[in-house]
Amino acid sequence: MVFTSFNFLVFFPTVLVVYFLLPQKFRWIFLLAASYYFYINIKPVYAVLLAAVTLTTYIFTNLIAKTKSDGKRRAYMVTSVILTLLPLFFFKYFNFVNEGIYSLLNLVGLHLQLPHISMLLPVGISFYTFMALGYTIDVYNEEIDAEKNIGVVALFLSFFPVVMSGPIERAGNMFHQFKGKLEFSAEKVVQGLQLMLWGYFMKLALADRLSIYIDAVFKNADQHVGSSLLLATLMQPIRVYGDLGGYSLIAIGCARVMGINVIPNFNRPFFATTMSEFWRRWHISLIKWLTDYVYTPLSFGFRKYGMWGIVISLNLTFIISGAWHGAAFNFLVWGFIQGVALSVEMLTRKSKDAFEARFNLAKKWWYMLFGCAFTYLLFALSLSFGGDAATVPEVLKILGRIVTDPIQMPYKDGDTMLYGFLAFAIVFIKDFMEEFYPGRVLLFNNKNNTVRWLAYYCVLFLIFYLGIFSGEQFVYFQF
Amino acid sequence: MDRALITEKLTTIFRSVFNDQAIVLRDDLTANDVANWDSLSHMLMIGEAEKEFSVKFKLKELGKLEDVKSLIDLLEQKIQSK
């Protein structure tokens, strides 16, 4: 069931009514049932996998908590991590690894037929696997107590607003909310619905509109001139922001309506002036997860190598992030570009700080604009490898043509470009005001009822006017 | 080594790693208060502190550091138990 489907428009209000009619102590149980119904609706057999990961996590976290010996605790943690990762590896990386082995064997003249899985990746597996791993490691590090109630663990891993594409939540943030008072709060209902409304706008009016142009160009890259390829490449970050950013707002909004606070996922990423700042604003829950459970242990292990230890850890972390996004070399290249960019920033930080201080650049608008534009371009370039254009040679061919093709008018799709630009301008102005003039222009939060309702109706109208209602999937479902 | 000396040596490390000669350590100072104190430079500071005070941290201990006070407490404890 997708957030933009008619089914969800029936499912969510029904869940809300029953949820708030039930006595408080039964609400989390109902949420668990609703979450499993939501997930089973996609494909029933995948719910078995989700339940198996839940059971593994529950058993091992409790074993870790009960055990005194450091060695045994570690063994339980490692076993749990391996068992939790097994389904993800099987569904996501089996074919990729097999194809690698097949190519290697081919090189040495052995032509073996290796098995190939033709099953779809279970939706959300990358997300709930990371949530389960995070919880297990937190229990091992004694940062959180093991939960005795398996129902609470099951709800944490299956919670329907976040199960399909995050934000990647933490047990420390969710358990106490599920077990606490899930009260009706008019304020939270309003906040949640506002987030959802804006999320739908970002998804339907911005992401899905731009998708038309991007798909038309990249799916027939050979038929398009370099300027069209460049335009589509430059649109990609905005499209993904609209897609995952919009999804995240809908997810956070759904949870907020039910009185549950979910961590944010984006913070006006296109106003970042460096890549390191960008990664503190883009897909925050994933980056925070990778920082805590991958980068920190790696950099701790490599700390005796000083700055170079950081560089190694950074690159490994982002290569793992690339692999998490997809089982293909182009995603590894995407991760590697991020790692290299961040490493260069890290290695040149002192001289950059000195340069900025010498010419008093840090607060100059044109210098910030240059930083934003450079960061955006770098990310757009890297996203070519993490986007729709499949293989590395194909991406390189596209990038090559962007540089070498003579300058011509790009492919024109009047309505798409006009409506897409309008939607982007609205999102950009909103983000700009919140970034540089917070609280100056209030629409959704205006005390005047007329202004507030006018803003709601305007956004609703714009969703219908600019939006695409063809049941487009969210980009991150494939991960 | 007393707390004042630990703070003094740690101040030198902070100023060098976070590239800010104006940093003054206080108990409630956190990463939010120092411009260059992020997850990348944090481990550099930890590595420098280990070298300076000839101690070894455990990964688990680092996760519990909330501010400068908790770092100095941990260093004091490790130096005393050497």
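The values are calculated or read from the model by the stated rules, or taken from the named source; none is laboratory data. This is a predicted model, so every value here is computed, not measured. Because the Cβ atoms are built from the backbone with ideal geometry, glycine has one as well, and the counts that use them run over all protein chains shown.
Mind listing whichever residues of the range B:42-75 are part of a helix (DSSP H, G or I), more than 8 Å from chain A (Cβ to nearest Cβ) and over 11 Å from the mean Cα position of the chain (by Cα)?
Correct list: B:51, B:61.
Take the range A:156-209 and flag every residue that is hydroxyl-bearing (Ser, Thr, Tyr) and in a loop (DSSP other than H, G, I, E, B). Reasoning before the result, please.
The initial filter retains those residues of the range A:156-209 that are hydroxyl-bearing (Ser, Thr, Tyr), namely A:158, A:165, A:185, A:200.
Answer for the range A:156-209, where residues must be hydroxyl-bearing (Ser, Thr, Tyr) and in a loop (DSSP other than H, G, I, E, B): A:165, A:185.
From (1) within 14 Å of chain B (Cβ to nearest Cβ); (2) surrounded by fewer than 12 Cβ atoms within 10 Å (Cβ to Cβ); (3) assigned to a loop (DSSP other than H, G, I, E, B), pick out the condition that doesn't hold for residue A:362.
(2)
Filter the range B:28-66 down to the residues that are charged (D, E, K, R), surrounded by 12 or more Cβ atoms within 10 Å (Cβ to Cβ) and in contact (Cβ under 8 Å) with a residue 40 or more places away in the chain and list them by number.
Listed by number, the list holds a single entry, B:52.
Within the range A:137-155, work out how many residues are part of a helix (DSSP H, G or I) and more than 14 Å from chain B (Cβ to nearest Cβ).
6
Identify the single condition in (1) in a helix (DSSP H, G or I); (2) out of contact with any Phe, Trp or Tyr (no Cβ under 8 Å at 6 or more places or on another chain); (3) more than 9 Å from every other protein chain (Cβ to nearest Cβ); (4) surrounded by fewer than 18 Cβ atoms within 10 Å (Cβ to Cβ) that residue A:252 does not satisfy, given that it satisfies every other one.
The number of the failed condition is (4).
Inside the range A:221-242, can you point out the residues that are touching a Lys or Arg at 6+ places or on another chain (Cβ under 8 Å), surrounded by fewer than 24 Cβ atoms within 10 Å (Cβ to Cβ) and not hydrophobic (A, V, I, L, M, F, W, C)?
Across the range A:221-242, the qualifying residue is only A:226.
Can you list the helices (runs of 4 or more DSSP H) found entirely within the range A:5-67 that contain at least 3 residues being in the same structural domain as residue A:175 (by TED's automatic domain parsing), of a type in the set (Asp, Glu) and touching a residue at least 60 places away in the same chain (Cβ under 8 Å)?
The helices (runs of 4 or more DSSP H) meeting that bar number zero.
Here is a yes/no grid of residues against (1) of a type in the set (A, V, I, L, M, F, W, C); (2) farther than 25 Å from residue A:133 by Cβ; (3) more than 10 Å from chain B (Cβ to nearest Cβ); (4) free of Cβ contacts under 8 Å to residues at least 60 places away in the same chain:
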| site | (1), (2), (3), (4) |
| --- | --- |
| A:266 | yes, no, yes, yes |
| A:280 | no, no, no, yes |
| A:294 | yes, no, yes, yes |
| A:297 | no, no, no, yes |
| A:334 | yes, no, yes, yes |
| A:337 | yes, yes, yes, yes |
| A:340 | yes, yes, yes, yes |
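Starting from residues that are small (Gly, Ala, Ser), in a helix (DSSP H, G or I) and surrounded by fewer than 20 Cβ atoms within 10 Å (Cβ to Cβ), keep the ones in the range A:299-329 and report whichever is farthest from the other protein chains (Cβ to nearest Cβ). Step through it out loud before you land on a result.
Going residue by residue through the range A:299-329, those that are small (Gly, Ala, Ser) are A:299, A:301, A:306, A:309, A:313, A:321-323, A:326-328.
Now restrict to residues that are in a helix (DSSP H, G or I): A:299, A:301, A:309, A:313, A:321-323.
Adding the requirement that they be surrounded by fewer than 20 Cβ atoms within 10 Å (Cβ to Cβ) leaves A:301, A:309, A:323.
Values: A:301: 9, A:309: 7, A:323: 20 Å.
Result: A:323.
So the check is Cβ under 8 Å with 6+ separation or different chains; which pairs have a first residue in the range A:434-452 that's under 13 Å from residue A:194 (Cβ atoms) and a second one that's in a loop (DSSP other than H, G, I, E, B)?
Taking only residues 6 or more apart or on different chains, the pairs are A:452/A:443; A:452/A:444; A:452/A:445; A:452/A:446.
Restricting to the range B:27-41, name every residue that is part of a helix (DSSP H, G or I) and either within 13 Å of the chain's Cα centre (by Cα) or facing chain A (nearest Cβ under 7 Å) (or both).
Matches in the range B:27-41: B:31, B:39, B:40, B:41.
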